[in-house]
1. Does A:Ala30 satisfy the condition of being assigned to a loop (DSSP other than H, G, I, E, B), of a type in the set (A, V, I, L, M), surrounded by 14 or more Cβ atoms within 10 Å (Cβ to Cβ) and touching a His at 6+ places or on another chain (Cβ under 8 Å)?
2. Where residues in region B:73-98 are under 19 Å from B:Gly16 (Cβ atoms) and surrounded by fewer than 16 Cβ atoms within 10 Å (Cβ to Cβ), which of them is nearest to the other protein chains (Cβ to nearest Cβ)?
3. Out of the residues in region B:11-61 that are within 11 Å of chain A (Cβ to nearest Cβ), within 14 Å of the chain's Cα centre (by Cα) and aliphatic (A, V, I, L, M), state the one that is farthest from A:Gly103 (Cα to Cα).
4. Hey, does region A:43-61 have a residue that's closer than 20 Å to A:Arg114 by Cβ and either among the basic types (Lys, Arg) or touching a residue at least 60 places away in the same chain (Cβ under 8 Å) (or both)?
5. Search region B:62-72 for residues being among the hydroxyl-bearing types (Ser, Thr, Tyr) and part of a strand (DSSP E or B), and hand back the single one that is nearest to the other protein chains (Cβ to nearest Cβ).
6. List the residue pairs whose Cβ atoms are under 6 Å apart, where the first residue sits in region B:31-54 and is more than 18 Å from A:Leu44 (Cα to Cα), the second is among the polar types (S, T, N, Q), and the two are 6 or more positions apart or on different chains.
7. Please go through (1) within 24 Å of B:Cys88 (Cα to Cα); (2) not in a strand (DSSP E or B) for A:Ile93 and return the number of the only condition it doesn't satisfy.
8. Among what's in region A:81-118 and is more than 14 Å from every other protein chain (Cβ to nearest Cβ), surrounded by fewer than 15 Cβ atoms within 10 Å (Cβ to Cβ) and in contact (Cβ under 8 Å) with a residue 60 or more places away in the chain, pick the residue that is farthest from A:Ala30 (Cα to Cα).
Amino acid sequence: GAVVSQHPSRVICKSGTSVKIECRSLDFQATTMFWYRQFPKQSLMLMATSNEGSKATYEQGVEKDKFLINHASLTLSTLTVTSAHPEDSSFYICSASAFGVAGNQPQHFGDGTRLSIL
Amino acid sequence: EDQVTQSPEALRLQEGESSSLNCSYTVSGLRGLFWYRQDPGKGPEFLFTLYSAGEEKEKERLKATLTKKESFLHITAPKPEDSATYLCAVLGNQFYFGTGTSLTVIP
């Protein structure tokens with residue numbers, strides 16, 4: 001149980017392109033979804049938290065106009081990196097949790113998206 | 001201030017050499033403590049949830065325990081395939097993640 005699917009797993013595109021990453025909870029309703037960025041050999045860096053039907057809450061230093069997050073349903077959240085540049089190249093990971101419902105559920109993670117901007 | 005600290009940062013073990021990873025925390029109103037395993041290039045894989053002091057969970061060679069200040073992940077007779085980064089997270093009014101322990105098990 002508690003499967004989170006993230007797609008695509010790898011993206012290579014030209015500078016200036018916008019890239020959309022999808023995160024789906026396959027077998028549970030995710031009241032809250034999280035988006036992380038991870039640099040090599042470093043821990044997870046939380047970018048934003050989104051609750052279904054609400055605007056995402058961004059962490060300090062994360063540009064909300066550059067990293068657009070939509071959480072339109074209890075099973076789907078998307079992250080769009082707008083006008084991506086080489087410095088946006090990174091490993092992006094989503095997670096989903098039903099903790100808002102039960103109050104104590106863990107996050108379940110997708111397998112990440114390796115984004116490379118040329 | 002709520003925080004989570006994991007130690008050691010890195011650990012090298014011989015195959016079969018048991019050891020423990022530590023997760024110390026300070027959080028107001030602990031709602032849960034979670035252990036994850038992360039392999040390179042993958043998202044963290046959920047291992048255990050612990051909710052109250054004294055609770056223990058086991059899965060194969062792994063055993064997680066919880067006190068009011070810290071959690072331990074005990075690895076008994078590890079194998080090379082146990083090599084990974086192990087992350088600890090606590091849930092208070094929000095989630096707090098540790099920076100992980102990188103475990104290498106040498107054949």
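What follows is calculated from the coordinates using simple rules that are stated; it is not laboratory data. Computed from a predicted model, the values in this text were never measured in an experiment. Here the Cβ is made from the backbone with ideal geometry for all residues, glycine too, and neighbour counts use every protein chain on show.
1. On the way: assigned to a loop (DSSP other than H, G, I, E, B): yes; of a type in the set (A, V, I, L, M): yes; surrounded by 14 or more Cβ atoms within 10 Å (Cβ to Cβ): yes; touching a His at 6+ places or on another chain (Cβ under 8 Å): no.
Spelling it out, it is not the case that A:Ala30 is assigned to a loop (DSSP other than H, G, I, E, B), of a type in the set (A, V, I, L, M), surrounded by 14 or more Cβ atoms within 10 Å (Cβ to Cβ) and touching a His at 6+ places or on another chain (Cβ under 8 Å).
2. Step one: list which residues in region B:73-98 are under 19 Å from B:Gly16 (Cβ atoms), which gives B:73-84, B:86.
Adding the requirement that they be surrounded by fewer than 16 Cβ atoms within 10 Å (Cβ to Cβ) leaves B:74, B:76-77, B:79-81.
On the way: B:His74: 20, B:Thr76: 23, B:Ala77: 27, B:Lys79: 23, B:Pro80: 20, B:Glu81: 18 Å.
Among them, the one singled out is B:Glu81.
3. In this case the residue turns out to be B:Leu47.
4. Of the residues in region A:43-61, the ones closer than 20 Å to A:Arg114 by Cβ are A:43-48.
Imposing the further condition that a residue be either among the basic types (Lys, Arg) or touching a residue at least 60 places away in the same chain (Cβ under 8 Å) (or both) reduces the set to none.
Taking every residue of region A:43-61 in turn, none turns out to be closer than 20 Å to A:Arg114 by Cβ and either among the basic types (Lys, Arg) or touching a residue at least 60 places away in the same chain (Cβ under 8 Å) (or both).
5. Taking region B:62-72 first, the residues among the hydroxyl-bearing types (Ser, Thr, Tyr) are B:65, B:67, B:71.
Within this subset, residues satisfying the condition of being part of a strand (DSSP E or B) are B:65, B:71.
Values: B:Thr65: 17, B:Ser71: 13 Å.
Among residues in region B:62-72 that are among the hydroxyl-bearing types (Ser, Thr, Tyr) and part of a strand (DSSP E or B), the one nearest to the other protein chains (Cβ to nearest Cβ) is B:Ser71.
6. B:Arg31/A:Asn104; B:Gly32/A:Asn104; B:Gly32/B:Thr49; B:Ala53/B:Thr67
7. The number of the failed condition is (2).
8. By that ranking, first place goes to A:Leu118.
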